[in-house]
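Novice: Input: one structure, supplied below.
The values are calculated or read from the model by the stated rules, or taken from the named source; none is laboratory data. The shown structure was predicted, so the numbers you read here are calculated from the model rather than taken from an experiment. Don't worry about glycine lacking a Cβ; one is built from the backbone with ideal geometry, like all the others, and counts go over all protein chains shown.
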Amino acid sequence: MPRLIIVDDHPLFRVGLGYALKALGWDVIAEAGDGAEGVRRVTELKPDAVLLDAKMPRMDGLEACRLMIAVLPNLRVVLLTTFSEPALVQAARDAGASGFVSKETEAERLSSILTKMLEDAAYTSFPQINLPKLSPRELEVLRLMATGLSNKEIARHLSLSPDTVKDHLENLYRKLEASDRVTAAKRAQQLGLV
């Protein structure tokens, strides 16, 4: 029977999820209320998988995931969240997570995802990220714009004409579905581009 730890700062959610997964044949060997406690439990109990809340006080799920994977490189970690912004999905991948799943997912579906992950080391479960396709130059302009530089300053920094910078910004606004610099910078941050 697969051994599982649930780490979430909401006790009712932990207990409810644990009860549902036990009914589906999972051995929920421990629960933890924050990332630091979760890392300790993983280190001492060495589970097969961990369900980990992405956003918690003291130590968030991303940092906890990195530390857990450092202790047990083959551990399957699934981040659970109510937030699905692309930057968070990418950060979960970068932290070594095997999946990123909504807290609204039914227990049967979550059980199926965990089972596939334990049966196939290459299997992952992440939502599709639809990032706009930006050229390397557009990315440079975007990153400089996000730091607050003016068009003239960006032009000077990249050895471009101000008109060329303006053209790049117009393309960026279109691709990011933004009407101005502030909205474009905010959208780029949400997507993990800056």
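Novice: Condition first: among the aliphatic types (A, V, I, L, M), at pLDDT 90 or above and under 12 Å from the mean Cα position of the chain (by Cα). Now tell me which residues in the range 93-139 satisfy that.
Specialist: Residues satisfying the conditions are 95, 97, 101.
Novice: Further, regarding this structure: Exactly one condition in (1) assigned to a strand (DSSP E or B); (2) more than 17 Å from residue 93 (Cβ to Cβ) is false for residue 79; which is it?
Specialist: (2)
Novice: Identify, by number, the condition in (1) of a type outside the set (A, V, I, L, M); (2) touching a Phe, Trp or Tyr at 6+ places or on another chain (Cβ under 9 Å); (3) under 23 Å from residue 24 (Cα atoms); (4) exposed (fewer than 15 other Cβ atoms within 10 Å of the Cβ) that residue 116 doesn't meet.
Specialist: (4)
Novice: Tell me, which residue of the range 41-58 that is surrounded by fewer than 16 Cβ atoms within 10 Å (Cβ to Cβ) and over 20 Å from the mean Cα position of the chain (by Cα) is nearest to residue 98 (Cα to Cα)?
Specialist: Checked the range 41-58; the qualifying residue nearest to residue 98 (Cα to Cα) is 46.
Novice: Continuing with this model, one more query. So is residue 104 surrounded by fewer than 19 Cβ atoms within 10 Å (Cβ to Cβ), in a loop (DSSP other than H, G, I, E, B) and outside the structural domain of residue 176 (by TED's automatic domain parsing) or not?
Specialist: Taking the combined requirement at face value, the residue satisfies it.
Novice: Suppose we keep only residues that are over 9 Å from the mean Cα position of the chain (by Cα) and under 22 Å from residue 17 (Cβ atoms) within the range 68-80. Which one would you say is surrounded by the fewest Cβ atoms within 10 Å (Cβ to Cβ)? Outline the logic, then answer.
Specialist: At the first step, the residues of the range 68-80 found to be over 9 Å from the mean Cα position of the chain (by Cα) are 68-78, 80.
With under 22 Å from residue 17 (Cβ atoms) added as a condition, the list becomes 68-69, 72, 75-78, 80.
On the way: 68: 27, 69: 19, 72: 15, 75: 20, 76: 24, 77: 28, 78: 25, 80: 23.
Step by step, filter the range 68-80, then rank; the result is 72.
Novice: Which residues, counting only those in the range 172-194, are part of a helix (DSSP H, G or I) and crowded, with 16+ Cβ neighbours inside 10 Å? Can you show your working first?
Specialist: Here is the first cut: in the range 172-194, the residues part of a helix (DSSP H, G or I) are 172-176, 181-190.
Matches in the range 172-194: 172, 173, 175, 176, 181, 184, 185, 187, 188.
Novice: If you scan the range 39-85, which residues turn out to be on the phi > 0 side of the Ramachandran plot and at pLDDT below 95?
Specialist: Just the residues of the range 39-85 that are on the phi > 0 side of the Ramachandran plot, to begin with: 46, 58.
If the condition is that a residue be on the phi > 0 side of the Ramachandran plot and at pLDDT below 95, then 58 is the only one that fits.
Novice: Still on this model: Given the conditions (1) over 27 Å from residue 16 (Cβ atoms); (2) in a loop (DSSP other than H, G, I, E, B); (3) in contact with a Gly (Cβ under 8 Å, 6 or more places away or on another chain), report the number of the one that residue 130 does not fulfil.
Specialist: (3)
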